[in-house]
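Here is the structure we will look at.
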Amino acid sequence: MNEETVDKLQKLIRANIDSYDGFKESAEEVSDGSLKALFKQAAEERSAMATELQNYVQLNGKEAEDEGSVAAKTHRVWMNIRSKLSGGSPHQVLVEAERGEDHIKAAYEEVLKETAGSAMNDVLQAQYRKVKEIHDKIRDLRDASA
């Protein structure tokens, strides 16, 4: 795997860690049982996806990312503030969760374009399908709660 592909995997590792952190914190904040379960499941999935990508990076002799981004930490702080201001309404939490999902979905779409035909493409396509599935579920729940 070339250096450029490794860099792109590092970007997706950070995005998955950010997503994991966001879902984990949201699961702790939200009182709705079905949302709590969805967020916990999504967090576990993102953790597994990050680990899978970390393994590929390490197989290439590189040290894999193990932290999220500063921007995501800022977004989670804002999400917590908005959640508290809105009384933790499920709709507001879903609005913020979808915003985070838009970010990771776009990151995968960009990397998939740039790595088309590479050995990693099948792995990334499978992960993207999982990202899109959770994104669409959150979007649908958000729309239903409006």
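Which residue, of A37, A27, is without any contact (Cβ under 8 Å) to a residue 40 or more places away in the chain and in contact with a helix residue (DSSP H, G or I) (Cβ under 7 Å, 6 or more places away or on another chain)?
Going through A37, A27 in turn, just one is without any contact (Cβ under 8 Å) to a residue 40 or more places away in the chain and in contact with a helix residue (DSSP H, G or I) (Cβ under 7 Å, 6 or more places away or on another chain): A27.
So that you can scan it fast, the table gives a plain yes or no per residue for (1) over 16 Å from S89 (Cα atoms); (2) in contact with an Asp or Glu (Cβ under 8 Å, 6 or more places away or on another chain); (3) in a helix (DSSP H, G or I); (4) open to solvent by 40 Å² or more (accessible area, probe 1.4 Å):
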residue: Q10; (1), (2), (3), (4): yes, yes, yes, no
residue: N16; (1), (2), (3), (4): yes, no, yes, no
residue: A48; (1), (2), (3), (4): yes, no, yes, yes
residue: T51; (1), (2), (3), (4): yes, no, yes, yes
residue: Y56; (1), (2), (3), (4): yes, no, yes, yes
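Filter the range 97-125 for residues that are open to solvent by 40 Å² or more (accessible area, probe 1.4 Å) and in a helix (DSSP H, G or I) and give the result. Correct list: R99, D102, H103, K105, A106, E109, E110, K113, E114, D122, Q125.
Against the numbered list (1) in a helix (DSSP H, G or I); (2) modelled with pLDDT of 80 or more; (3) open to solvent by 30 Å² or more (accessible area, probe 1.4 Å); (4) in contact with a Gly (Cβ under 7 Å, 6 or more places away or on another chain), K40 comes up short only at (4). Filtering the range 40-52 to residues that are more than 11 Å from the chain's Cα centre (by Cα) and in contact (Cβ under 8 Å) with a residue 12 or more places away in the chain leaves K40, E52.
The values are calculated or read from the model by the stated rules, or taken from the named source; none is laboratory data. Everything numeric here is computed off the predicted structure, so don't read it as measured data. Here the Cβ is made from the backbone with ideal geometry for all residues, glycine too, and neighbour counts use every protein chain on show. Side chains are part of the model used for accessible areas, which takes the heavy atoms of the whole protein and leaves out ligands, DNA and RNA. Shrake-Rupley method; radii C 1.70, N 1.55, O 1.52, S 1.80 Å.
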